[in-house]
Every structure is written in structure tokens, then in C-alpha cells.
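Report on the following structure.
No value in this document is a laboratory result; all are computed from the given coordinates. The structure presented is a predicted model; accordingly, all values stated were derived computationally and were not measured. Positions of Cβ are generated from backbone atoms using ideal geometry, with glycine treated the same way; all protein chains shown enter the neighbour counts.
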Amino acid sequence: MSLEDQVVSSFAKAGDPRFREVATSLVRHLHAFLADVRPTEGEWAAAIDFLTRTGHTCDDKRQEFILLSDVLGASMAVIDLNHPTGGEATESTVLGPFFVEGAPEFALGEDISGGAPGTPCYLHGTVRSTRGEPLPGAVLEVWQSDEDGRYDVQYADLDQPRGRGRLRADEAGGYAFWTVHPEAYPIPDDGPVGELLDAAGRGPMRPAHVHFMVSAPGHRTLVTHVFTRDSAHLDDDAVFGVKQSLVIDFDRHGPGPAPDGRRLGIPFHTAEFDIVLATVRAAE
Ligand SMILES: [Fe+2]
């Protein structure tokens, strides 16, 4: 019996069939990988050192393994496996590291920016089911970077949430809020994942986006972003999170009236993003 077969058979008596299936596949693919790349002992030790340092880089604020999963496209692959849209529901993308539980609540039309630096931006749309019915009371969590490409949690001296909030859709499924125009930003690249990107000649940048997490009873919670169509890095997102259906126009306007009747004395943006939630299936 080959070494690989011996290892596979060592899992044959595992009580949990799913564990047996996963372990068997992992061993098969790992041994195929080793046979393919034929690592030297030094290279194998370097690989183990890389993973060890990846673990040591994690703390309660930073998760380097998720970042590694992101830059290898594994996070997006798992999302695609678990959130097929069938072409009807809004597509999903990565949650990212900057979601915070307990974001402040806002009434529709309010400004969630909290004074974050940036050009004012009015975002609005409707939340509907795949049957086209509005979803009144749908909960929207939104969060985003400011004009410097930074999230509130990245400012050591900031103790108030900024550029994040929680809203509820109105009776017609409508939502609207003011914020600032988001900007592109780098993922943390001063750790092992940064070394990997460097070695590949890859950059750490993500295109400008606003994060959404949208939920409604009887529907699958959607985790997604909208990307600004004029952003840099739409073609080389460090975490492969861009889907064309999520790239939308953020129209720029000169000083003057906004869609909600306000008059702004400075330029601003508007963007419309309609959201479609999939129905929860009976087995879920
Ligand atoms: Fe983000």
C-alpha cells in the first residue's frame, strides 16, 4: 500500500462520515501537491514557518489566516459555493475584517458618516424578494472607508463609530442614507500575507466600496458590497471580491439640490443600489 493510501485508510474508521470525507480529500490533494512540486526539506520548513508566523500575527483585532484565505481566493470560492444566486438575488462578496456588531441606528435619510472626511454621498434603493415584493423593515448594516481609505476602527484615537450604521427599510422596501464617497484602500500588508503578495509582485489594494449586510425574515442574509465604477483596482482586487453586478455608478453633482430635497453648497455624489434577497429554502 502506498504511503498516501496508508494515510487515507488511517481515517477509514472515523465515526463522522463528513470528517472522513474531508480528511480523505485533504490527504489526497496534499500528497498530489507534494508529488507535483517536490519540495526540498528547506522549502517544507519555510512553508511551516510561514503558517506559524501567520498564526502568530493573529490577535483579537487582526486575523491573518482570513487574510490568507482572502488573497488565495478561497474566501470567495466558499462564498460562491454557499450563496448561488440563480441570477435573481443580489450577488454576495466577502465580509472583510471591518464589520463591527452593534453599529448605531439611523433613521432613513440620515447621515451615517459621523464626520468622516470625504465628499458627501447619497445612497438609496429598495430591498425586494426574488418575486419582486418589497421587504418592509429589512435591516441594512452598512460600513465603509473614508476618503483616506480608512475605516473608523483603524484610527487609534477615535472612540465613536464613523461611516457605519444600521437602518430599516420603509413600507415600500425603500432605504436611503447620506455618507461620504468611499475610497480604495490596502489590506494589511505588513505581515506574512504581505510577504506573499510581495513575492508574487501583487499589490494589496482593494477598489472603493460600501459594505452591506441585509436581512429580512424568511430570506437569506446577504453580505455584499457595492463598488464605485470609477475606482482604481476593480481589475486587481487583492481579495478577488469584485463581481460586475456589484459595480455601480456613483454620479457626481455640482453644488445644488439633492434627491432628498436638501441643497448642498459643495459637490456630492448619488448612487442607487437595489437589493434582492433570496428566499430561505425549507431545508435551511
Ligand atoms: Fe471594505
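Values computed for the structure shown
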{"read-out": "Built amide H within the under 5 Å cut-off of Gly163, gap 5+", "value": "Ser113, Gly114, Ala116"}
{"read-out": "Added length on full extension, which subtracts the Cα-Cα distance from 0.36 nm per residue, Asp159 to Ala74", "value": "27.3 nm"}
{"read-out": "Amide hydrogen neighbours beyond the local backbone of Tyr185, cut-off 5 Å, H modeled", "value": "Arg206"}
{"read-out": "Net dipole in debye of the stretch 169-284 [+1 Lys, Arg Cβ; -1 Asp, Glu Cβ; about Cα centre; nearest 20]", "value": "280"}
{"read-out": "Amide H contacts under 5 Å for Gly137, placed H, 5+ residues apart", "value": "Ala169, Asp170, Gly173"}
{"read-out": "Net charge, Thr270 excluded, C-beta distance under 15 Å - Lys, Arg +1, Asp, Glu -1", "value": "-3"}
{"read-out": "Whole-Hz ³J(HN,Hα) from phi, Karplus 6.51 cos²θ - 1.76 cosθ + 1.60, for the stretch 30-36, glycine and proline x", "value": "5, 5, 5, 4, 5, 5, 6"}
{"read-out": "J(HN,Hα) series, the stretch 171-178, from Karplus relation 6.51 cos²θ - 1.76 cosθ + 1.60, nearest Hz, glycine and proline x", "value": "4, 9, x, x, 9, 6, 7, 9"}
{"read-out": "Ala47-Glu272 pseudo-label distance in nm [points 7 Å out on the Cα-to-Cβ vector]", "value": "5.2"}
{"read-out": "Cβ-derived FRET efficiency at R0 51 Å, Leu3 paired with Glu110, nearest 0.05", "value": "0.20"}
{"read-out": "Cα extents of the chain along the three principal axes, largest first (Å)", "value": "76, 45, 33"}
{"read-out": "Sites Glu133 and Arg18, calculated FRET efficiency, Cβ-Cβ separation with R0 41 Å, nearest 0.05", "value": "0.65"}
{"read-out": "Per-residue HN-Hα couplings for the stretch 188-194 [Karplus 6.51, -1.76, 1.60; θ = phi - 60°; Hz; x = Gly/Pro]", "value": "x, 10, 9, x, x, 5, x"}
{"read-out": "Antiparallel DSSP beta bridges within the chain, percent to nearest 5", "value": "75"}
{"read-out": "Charge-dipole axis of the chain as Lys and Arg at +1 and Asp and Glu at -1 on Cβ define it, positive-most pick from Ala89, Tyr185, Ala45", "value": "Ala89"}
